[in-house]
Amino acid sequence: MNTARAPRIFITGASSGIGAALAAEYAQRHPRATIGLLARREALLEAVAQTLAPVATLRYAADVTDPDALAAAARHFVRHAGPPDVVVANAGISAGTLTGEARDAPVFRRIVETNLIAMPETFAPFLAAMRERGSGTLVGIASVAGVRGMPGAGAYSASKAAAIAYLESLRLELRGSGVSVVTIAPGFVRTPMTARNRYPMPFLVDADVFARRAVDAIAARRSFAVIPWQMRIVAALVGALPNPVFDRLFAKAPRKARLEGVRTESER
């Protein structure tokens, strides 16, 4: 990040959980920053902005699955603050899904649209200005859930696995441009999303602890960071298991709660 001037940060999914914690961490580190906050829930977004005062904020009540709204927010941010130094595609939702269950089909689609499709659509409106300047960092919030598919979490695991692969592709595409790509893969973080989980969550960390470590990783332009570090070991071990062993161990693993249609309580 260019520290010669006040930094400019843009965060999606900023109304609660990880997004709000990242905004608070940036505000604490850079009191002269301008932080763009985008989320669907306007009242919560305004409440987050109030907690960041006197740091300057620009707020956008928008759905990340609406590319026109994302583009409009990006244009406004660049016009009023300038090209961002950091863009964090954080918006994400989670719910259990089962293939063949009709009521889960729209939930599956919504999860993939929010967690995956919205990521390049968050970055795209900023990319030309960042490349022209020759600096900046694009950050995607993935998950260790993308390492292996878990039963009852097909949509969430698939969306996060695809996000990891997409961010890697983008990193290679932008190599030499001055624009960095950072993939952050959270383990279990204490947020409204994980509050719905009905199973043990090893190495659970508070959102502010996660945010502090994530911002460190972003500042260092680490290409891939698992937070907390213990989950990096767990993910590596699980990822290395042969399929027959993995299947035997995880076929009956606890499952995410399913939703009655597309709802928003699981936003992080």
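The values are calculated or read from the model by the stated rules, or taken from the named source; none is laboratory data. Note that the structure is a prediction, hence the values are computed from the model and not measured. All Cβ positions, even for glycine, are placed from backbone atoms using ideal geometry, and neighbour counts span all protein chains on display.
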For region 159-186, which residues satisfy the criterion of being within 12 Å of the chain's Cα centre (by Cα) and either more than 30 Å from G134 (Cβ to Cβ) or not in a helix (DSSP H, G or I) (or both)? S159, K160, V182, T183, I184, A185, P186
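Name the one entry in V238, V234, V245 that is free of Cβ contacts under 8 Å to residues at least 40 places away in the same chain and either over 16 Å from the mean Cα position of the chain (by Cα) or farther than 25 Å from Q28 by Cβ (or both).
Numbers: V238 fails: free of Cβ contacts under 8 Å to residues at least 40 places away in the same chain; V234 fails: free of Cβ contacts under 8 Å to residues at least 40 places away in the same chain.
It is V245.
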Inside region 97-155, can you point out the residues that are at positive phi and either of a type in the set (V, I, T) or at pLDDT below 95 (or both)? G100, G152
So in region 90-101, with the set limited to residues that are surrounded by 15 or more Cβ atoms within 10 Å (Cβ to Cβ) and not small (G, A, S), which one is farthest from I218 (Cα to Cα)? L98
Of all the residues that make up region 131-156, how many are within 24 Å of I18 (Cα to Cα), part of a helix (DSSP H, G or I) and over 14 Å from the mean Cα position of the chain (by Cα)? 2
Options G136, G140; residue that is closer than 30 Å to P202 by Cβ and in contact (Cβ under 8 Å) with a residue 24 or more places away in the chain: G140
Filter region 1-44 down to residues that are more than 18 Å from F123 (Cβ to Cβ), of a type in the set (V, I, T) and in contact with a helix residue (DSSP H, G or I) (Cβ under 8 Å, 6 or more places away or on another chain), then give me how many there are. 1
Could you check, for region 162-171, whether at least one of its residues is farther than 24 Å from A20 by Cβ, touching a residue at least 40 places away in the same chain (Cβ under 8 Å) and aromatic (F, W, Y)? yes
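Here is a yes/no grid of residues against (1) buried (at least 24 other Cβ atoms within 10 Å of the Cβ); (2) in contact (Cβ under 8 Å) with a residue 60 or more places away in the chain:
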residue: T12; (1), (2): yes, yes
residue: A20; (1), (2): yes, yes
residue: A23; (1), (2): yes, no
residue: A27; (1), (2): no, no
residue: G36; (1), (2): yes, no
residue: V64; (1), (2): yes, no
residue: R103; (1), (2): no, yes
Being touching a helix residue (DSSP H, G or I) at 6+ places or on another chain (Cβ under 6 Å), assigned to a helix (DSSP H, G or I) and over 23 Å from S159 (Cβ atoms) narrows it down to one of V209, V215, so name that one. V215
Taking region 205-233, which residues are under 23 Å from R148 (Cβ atoms), exposed (fewer than 14 other Cβ atoms within 10 Å of the Cβ) and among the aliphatic types (A, V, I, L, M)? I233
Output the residues belonging to region 149-179 that are over 21 Å from T114 (Cβ atoms) and either of a type in the set (S, T, N, Q) or touching a Ser or Thr at 6+ places or on another chain (Cβ under 8 Å) (or both). R171, L174, S177, G178, V179
Residue check: is D216 under 17 Å from G17 (Cβ atoms) and either among the acidic types (D, E) or in contact with a Pro (Cβ under 8 Å, 6 or more places away or on another chain) (or both)? no
Residues within region 187-203 that are assigned to a strand (DSSP E or B) and either among the aromatic types (F, W, Y) or at pLDDT below 90 (or both), tallied: 1
